[in-house]
Amino acid sequence: MELRGLRVLILAQCLFVAGMGTAEAQSTTYQILGAGTDSCGRWVSSANDGALHVAYMSWVLGYLSAFNMAKSAHSGQDSLFNQTDVQSLDLWVSNYCNAHPLKNLSDAALELAIEVTK
């Protein structure tokens, strides 16, 4: 996938997830859509499939971007991800998923977002 296409995909995911945050505020339950519903076990096995791993990482980055945008807008806090890079985020999710293969990818993304806010 070319870089521009990847950027468009990530932006679309950010906007979609940001919209889900509004629904969450109005209700105590929300639905995760897309790659976030796949298991951490599938994330771990995606290490052998570059295209699938890129798709999973794009979903995680979209989730984290939306979380970051919502958190910054709500608190006025600067970006939560100034001190890290994509490879570090990827490694964190891989470690989480290795330890929790039956959890969903969305669980890993949420736990990472919470970890970064500490």
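The values are calculated or read from the model by the stated rules, or taken from the named source; none is laboratory data. Not measured: the values here are computed from a predicted model. Glycine gets a Cβ as well: all are built from the backbone with ideal geometry, and neighbour counts include every protein chain shown. Accessible surface is based on the protein model in full, side chains and every heavy atom, while ligands, DNA and RNA are left aside. Shrake-Rupley method; radii C 1.70, N 1.55, O 1.52, S 1.80 Å.
Report yes if Leu80 is hydrophobic (A, V, I, L, M, F, W, C), at pLDDT below 95 and more than 20 Å from Ala35 (Cβ to Cβ), otherwise no.
yes
Considering only residues that are open to solvent by 70 Å² or more (accessible area, probe 1.4 Å) and under 15 Å from the mean Cα position of the chain (by Cα), look in the stretch 45-84 and name the one that is nearest to Ile114 (Cα to Cα).
Taking the candidates together, the pick is Lys71.
Residues in the stretch 85-103 that are in contact with a helix residue (DSSP H, G or I) (Cβ under 9 Å, 6 or more places away or on another chain) and either more than 16 Å from Ser39 (Cβ to Cβ) or open to solvent by less than 60 Å² (accessible area, probe 1.4 Å) (or both): how many?
Residues meeting the conditions: 8.
From Ala73, Ala99, which residue is modelled with pLDDT of 90 or more and aliphatic (A, V, I, L, M)?
Exactly one residue qualifies, and that residue is Ala99.
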